[in-house]
Amino acid sequence: MNKDIATPIRTQEILKKYGFSFKKSLGQNFLIDPNILRNIVSHANLTETSGAIEVGPGIGALTEHLARSAKKVVSFEIDQRLLPVLEDTLSPYPNVEIIHGDILEADVEKVIAAHLADVEDIMVVANLPYYVTTPILMKLLHDRLPIRGFVVMMQKEVADRITAKPGTKAYGSLSIAIQYYVEAEVAMIVPKTVFMPQPNVDSAVIRLIKRDTPPVNVRDEDFLFEVARMCFAQRRKTILNNLQNGLPNGKSKKDCILNALDNANIDPKRRGETLSIEEFGALSNALYVEFK
Ligand code: SAM
């Protein structure tokens, strides 16, 4: 087996060889601990028939571990300076395809058709650039791609919000927006010391597995997410208050909201953080009848 890219010594050597300087604005915190990388990849349950999509290979630390476990790896890197580095460090792995560009602009469906047509399942595995964690996840979930799930590193605070259950402080509209599509759990907490340079925040790896069917049937998904955002706008206010502030004005607005809450079987005095995703679904369907 080839020598790991992600040891502190080899990473330093590579950075020095290419005169590479980190760009904070691109969320460049590279992993320098092969054990963490092995752990991340093990949570993805890849086999020799799997495909992996990575966002931000950096100098290839995680990419090479994916290449050892999966049939094919496609990795998107925005920073052009890293392309010659990756060509060098990943030269032992012919099953890796590096795509230069911003993942948020990429036509991922097309990339899957071009490079991952012959794999049996696809996982997104990445140490994400923290400044765009949520947009990346929302794009990959919203585009309804043939992806089995995600094992991704992010800021711990965001990981907590994504995986939060009702009744907790971290539970909010982001929990709903993600858990509508996936079952979500924190897989591991990661110390700052395994990064170069070390980030200012704590990190966690989360595992998201796509649901076969949504947890609740809704008339309009975007309206569900909008209703959830309204209900959490002021966390200490009741749902009734928040909906009155968030919904468009019209004749007998309050009565329409009360009617919808009654139809959804939800007490108007409850707070958003106590509602399950199923209840948000029922509420958005009832409000849809009144307001759409
Ligand atoms: N995977 C490497 C590792 O674990 O050592 C690097 C991870 S680093 C946290 C994030 C990487 O994402 C960097 O290489 C950065 O250049 C890249 N990146 C940042 N924004 C991106 C974007 N919008 N699209 C694709 N890659 C991006």
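Read-outs: derived from the displayed coordinates by stated rules, not from any lab. Because the structure is predicted, anything quoted here is derived from the model rather than measured. Positions of Cβ are generated from backbone atoms using ideal geometry, with glycine treated the same way; all protein chains shown enter the neighbour counts.
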Unique residue being more than 23 Å from ALA67 (Cα to Cα) and within 11 Å of the ligand (Cβ to nearest atom) when the list is PRO166, PRO129, PRO135 | PRO135
Scan the stretch 1-32 for residues that are within 10 Å of the ligand (Cβ to nearest atom) and in contact with a Ser or Thr (Cβ under 8 Å, 6 or more places away or on another chain) and jot them down.
-> ILE5, PHE30, ILE32
Only residues that are outside any helix (DSSP H, G or I) and under 29 Å from the mean Cα position of the chain (by Cα): list them for the stretch 240-269, please.
-> LEU247
Is it true that some residue in the stretch 224-240 is in contact (Cβ under 8 Å) with a residue 12 or more places away in the chain and in contact with a Lys or Arg (Cβ under 6 Å, 6 or more places away or on another chain)?
-> yes
Any chance the stretch 67-74 includes a residue that's within 14 Å of the ligand (Cβ to nearest atom) and surrounded by fewer than 19 Cβ atoms within 10 Å (Cβ to Cβ)?
-> no
Output the residue which, of all residues in the stretch 28-40 that are under 22 Å from the mean Cα position of the chain (by Cα) and farther than 22 Å from ASP88 by Cα, is surrounded by the fewest Cβ atoms within 10 Å (Cβ to Cβ).
-> ASN39
